[in-house]
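The structure appears below as structure tokens.
Since every read-out is calculated from the coordinates, none of them should be taken as a lab result. Since the model is a prediction, treat every value here as computed from it, not as a measurement. Positions of Cβ are backbone-derived with ideal geometry, glycine not excepted, and every protein chain shown enters the neighbour counts.
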There are 2 protein chains.
Amino acid sequence: MTTRDHALLRIAVDLCVLTVREGSLQALIITRGNEPFAGRLALPGGFVRTDEDIPDAAIRELGEETGLDLGRLHLEQCGVYGEPDRDPRGRVISVAHLVVMPDLPLPVAGSDASGAAWRPVDEIRGGLAFDHDRILNEAVERARRRLELTTLATRFCLPEFTIGDLRTVYEIVWGEPVDPRNFSRKVVNTEGFVQPTGTKRVPPTGRPAALYRTGAATTLNPPILRAGGH
Amino acid sequence: MTTRDHALLRIAVDLCVLTVREGSLQALIITRGNEPFAGRLALPGGFVRTDEDIPDAAIRELGEETGLDLGRLHLEQCGVYGEPDRDPRGRVISVAHLVVMPDLPLPVAGSDASGAAWRPVDEIRGGLAFDHDRILNEAVERARRRLELTTLATRFCLPEFTIGDLRTVYEIVWGEPVDPRNFSRKVVNTEGFVQPTGTKRVPPTGRPAALYRTGAATTLNPPILRAGGH
DNA sequence: TCAAAAGTGTTGGATCTACACCCATGG
DNA sequence: CCATGGGTGTAGATCCAACACTTTTGA
């Protein structure tokens, strides 16, 4: 081995928590209370503790900063950001995570952050602290691809949802319209994507829609592809 | 913020370097010279230095342990492995990388490792130190998916290759036969996958095959899918 | 002329897109 | 009975697996 100057570093988790809300794709954003970047917007996150596994740190930080319980939510590693100067406090390596959840009321913010709130991705893009803009963009792009190849979209929905709800998720995350009639068939004919509950939901106007729950499948075969190729 | 016991940790890079050689998918494996796991097989890797970016550390370690120059090779992060007890020396978090390269003669092993060598993935599976079996399996599975969706396969080939060479890569990495006639058309008709050099290579027996170079595209649209779905 | 590998033509089936059309409900 | 959203039928285009067949070389 060469010189033994391998560093002792701090390692952090950052969370890109996404939901579909009020007709747009939104991310959970905190306003930083401390330096560096005090007063600026950032993704929730924090340092990993001694003897703490990385997913556990992500779950803990999300609870501390937003009051959310990751128990039933989709949590997925989506990159390591380790440039030496990415944090002015010194060397910090961050493991970014993508979290997807339905539009639930936010519990009151916990001790750590002076307010976590949903903000439309399109509004905050370009204004985040650290390298969080890059993390956000890469996480959103990953979510878009995941909708093509996996059943991730159901994670944006409440436990019971209609095909229309699911289609809205695709339209908002992809930012393009999806044909309701063909989409309905694709979803229902894809083994394990959704399972009917047998019940229906009556909309304010129009025909009642069948309700579904998430199915057992995780990958979509065949995939559901966006129109533009990519 | 809560208690400030966030740890100072060591961070390492591990490298899953893959090639197609002698009719099988092979990985670059070292025999460990030091404890822990002295004498056992492992993936190349080592600690990240102070002020060193993570990809730079991967490139440096590969050079030190194998003499290879990553300059023109495919290098891709493929996961973070951070369980508290994964390394008996203490808390070490590893960023795993997938490297893909053609079957080139290995430079003489450098200072660090007493011998890096190609070993068929199927032979070493289950026998690696640390959690490297898991890293290897996940990296190989990622490579398999990458062949479906990207032009990664050309990275297994020398600068000039035939469609047959490329097909062999698919067959060996996927572990299943691919129809030569349909494959040829798919590759040639996919914009930007390969570009003809205008020259040919004459095999020991049979009709000469046109030679190609890597094209400009990185993603395959449409994808080239395996038979079994997944 | 034969073996071997490269490459083309073609066909039937699967799948997707686009859109016409029908269904079920509240006002 | 009308507006609204849910859902089905279907024709045409497109894509793809399978395989017969042709091409081009060395021996």
Computed magnitude of the charge dipole of the stretch A:87-204 (debye, nearest 20; Cβ of K, R +1, Cβ of D, E -1): 280
Rough spin-label spacing in nm, given labels placed 7 Å along Cα→Cβ, for B:THR219 and A:ALA227: 1.7
Cα-Cα pairs of the stretch A:10-146 separated by more than 20 Å (percent): 40
Residue and distance (whole Å) for the chain A Cβ nearest the axis that superposes A on B: A:LEU8, 2
Three-way shape call for the stretch A:172-230 based on the alpha-carbon gyration tensor, with the a/c threshold at 1.5: oblate
Residue-averaged 222 nm ellipticity for chain B, from DSSP H runs of 4+ at -39500 (n - 2.57), nearest 500: -7500 deg cm²/dmol
Nm distances between copies for B:GLY228, ranked from closest, using label points 7 Å along Cα→Cβ: 3.6
Shape of chain A, Cα gyration tensor, a/c cut at 1.5: prolate
Inter-copy label distances at A:ARG207 (7 Å, Cα→Cβ; nm, one decimal): 5.5
Prolate/oblate/rounded call for the stretch A:126-181, Cα gyration tensor, a/c under 1.5 rounded: prolate
Extension reserve of the B:ARG207-B:GLU83 stretch, reckoned as 0.36 nm per residue once the Cα distance is removed: 39.2 nm
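In whole Å and largest first, what semi-axes does the C-alpha gyration tensor of the protein assembly as shown yield when each eigenvalue is scaled by 5 and square-rooted?
One finds semi-axes of 39, 33, 18 Å for the protein assembly as shown.
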Coil-residue trypsin sites (Lys or Arg not before Pro) of the stretch B:125-206, DSSP, other Cβ within 10 Å capped at 16: B:ARG125
Residue among A:PRO88, B:ASN34, A:PRO223 farthest towards the positive dipole end of the protein assembly as shown, charges placed on Cβ: A:PRO223
Given 14 as the ceiling on other Cβ atoms within 10 Å, longest exposed-site-free region of chain B for GluC sites (Glu not before Pro) in DSSP loops: B:23-159
Cβ charges +1 (Lys, Arg) and -1 (Asp, Glu), total dipole of chain B, debye: 840
On Cα atoms only, tilt of B:132-149 relative to the major axis of chain B in degrees: 30
Distances in nm from A:ARG185 to the matching label points in the other copies, shortest first (labels 7 Å along Cα to Cβ): 2.5
Using a Förster distance of 30 Å, the FRET efficiency for B:ARG185-A:ARG145 (Cβ separation, nearest 0.05): 0.70
Cα-centred dipole magnitude for the stretch B:150-214, charges only on beta-carbon of K, R (+1) and D, E (-1), debye, nearest 20: 220
On Cα atoms only, tilt of B:180-189 relative to the major axis of chain B in degrees: 80
